[in-house]
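See structure below.
The values are calculated or read from the model by the stated rules, or taken from the named source; none is laboratory data. Keep in mind that this is a model prediction, so the values were computed, not measured. Here the Cβ positions follow ideal geometry from the backbone for every residue, glycine too, while neighbour counts run over all protein chains shown.
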Amino acid sequence: MNQIEDLLSLERVSKSFGDVEALIDIDFKIQTGQVIGLVGGNGAGKTTLLRLISGVLNPTTGSVLFRGENVSSVRQKVGVVPESTGLYARLTAWENIRFHSRIHGISDDVSWNRTCFFAKKLDIEDALSRHTKGFSRGMRQKIALLRALAHGPDILLLDEPTAGLDVTSARTVRKLVGQLRDEGGTVIYSTHHLAEAEQVCDRIIIVHNGTIRADGSPEQLINQAGVNTLEQAYVELTKDKARPRSDVKNEDGKVSKWWSKILTGSTPSEVIEDE
């Protein structure tokens, strides 16, 4: 029997910002065709972990490998939707997407066809020719999702993808994530909403105070904790007091420009700031 190749592998990964240990000894592997939830409170280390996986940050120790290669050398294989969408206000939705695709070396024709395909699924085809300045938070989030998908990534990273969205928009995003999984896509879905993670994700990785506390299906985590619900399992597995978010946030802010730059080639001051 042939061994299934790991799409993504994190081996003894730690990340420090000065004296602050944001992540400590992170180990896990991901194969294709799953939605993997990163669940944890504010300051748990989820966003830092996503930045390492995207190649925006390098680990202090350990390695992040994408099909056996250092992930920083294959960034074009990764699609990212950060919590702050970072769209150019003076460009149309399609111009934002096209610019991002060109950075990844994707032709306009290929990018346009993929954009139209996913825009139809999200029912926002008419928005592609409009400037993004007046877009609602939900519409900006959807355009950021199209931007992340237009270059055909092998793995999609979503950082709090439904934060601030209305019920209908959040449901649409979750539905698309499920469709991507059904078509063989791989999604890492970062959220602090347990009900959403249980609904969307095949596998959940609980991150707390920079460490992995549990990794498995919702049913496996419930059984591991010996409780009846995922919420009870989370509480049981993260009993120690959460570290203050500011301890990590102040250091993590030093690299916030890199997160924006990998998406737009710009600093945050040049793009729309999400509320």
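Here is how the numbers come out for the structure above:
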read-out: Unique residue being β-branched (V, I, T) and within 19 Å of the chain's Cα centre (by Cα) when the list is T92, T85; value: T85
read-out: Residues of segment 102-112 classified as touching a helix residue (DSSP H, G or I) at 6+ places or on another chain (Cβ under 8 Å) and either buried (at least 22 other Cβ atoms within 10 Å of the Cβ) or among the charged types (D, E, K, R) (or both), total; value: 3
read-out: Total residues in segment 144-186, condition within 18 Å of T32 (Cα to Cα) and hydroxyl-bearing (S, T, Y); value: 1
read-out: Output for segment 11-54, where each listed residue is within 18 Å of the chain's Cα centre (by Cα), surrounded by fewer than 21 Cβ atoms within 10 Å (Cβ to Cβ) and part of a loop (DSSP other than H, G, I, E, B); value: Q31, T32, G33, Q34, G41, N42
read-out: Filtered residues of segment 171-217 (kept if over 26 Å from L149 (Cβ atoms), buried (at least 19 other Cβ atoms within 10 Å of the Cβ) and free of Cβ contacts under 8 Å to residues at least 60 places away in the same chain); value: R213, A214
read-out: First in segment 1-26 and closer than 16 Å to N209 by Cα, second anywhere and of a type in the set (K, R) and at pLDDT 95 or above, Cβ under 8 Å, 6 or more apart; value: E21/K15; A22/K15; L23/K15; D25/R12; I26/R12
read-out: Selection status of A163, crowded, with 22+ Cβ neighbours inside 10 Å, within 17 Å of the chain's Cα centre (by Cα) and within 17 Å of P82 (Cα to Cα); value: no
read-out: Residue list for segment 30-56, filter: over 26 Å from T238 (Cα atoms) and in contact with a Phe, Trp or Tyr (Cβ under 9 Å, 6 or more places away or on another chain); value: S54, G55, V56
read-out: Tabulated pairs, segment 58-77, first at pLDDT 90 or above, second assigned to a helix (DSSP H, G or I), C-beta under 7 angstrom, 6+ apart or interchain; value: N58/S72; P59/L52; V64/L52; V64/I53; V64/V71; L65/V71; F66/K77
read-out: Test result for L221, free of Cβ contacts under 8 Å to residues at least 60 places away in the same chain, buried (at least 16 other Cβ atoms within 10 Å of the Cβ) and either in contact with a Phe, Trp or Tyr (Cβ under 9 Å, 6 or more places away or on another chain) or not in a helix (DSSP H, G or I) (or both); value: yes
read-out: Residue pairs meeting the criteria (Cβ under 9 Å; at least 6 apart or on separate chains; first in a loop (DSSP other than H, G, I, E, B), in segment 138-164; second among the basic types (K, R) and at pLDDT 95 or above); value: A150/R98; A150/R114; H151/R114; G152/R114
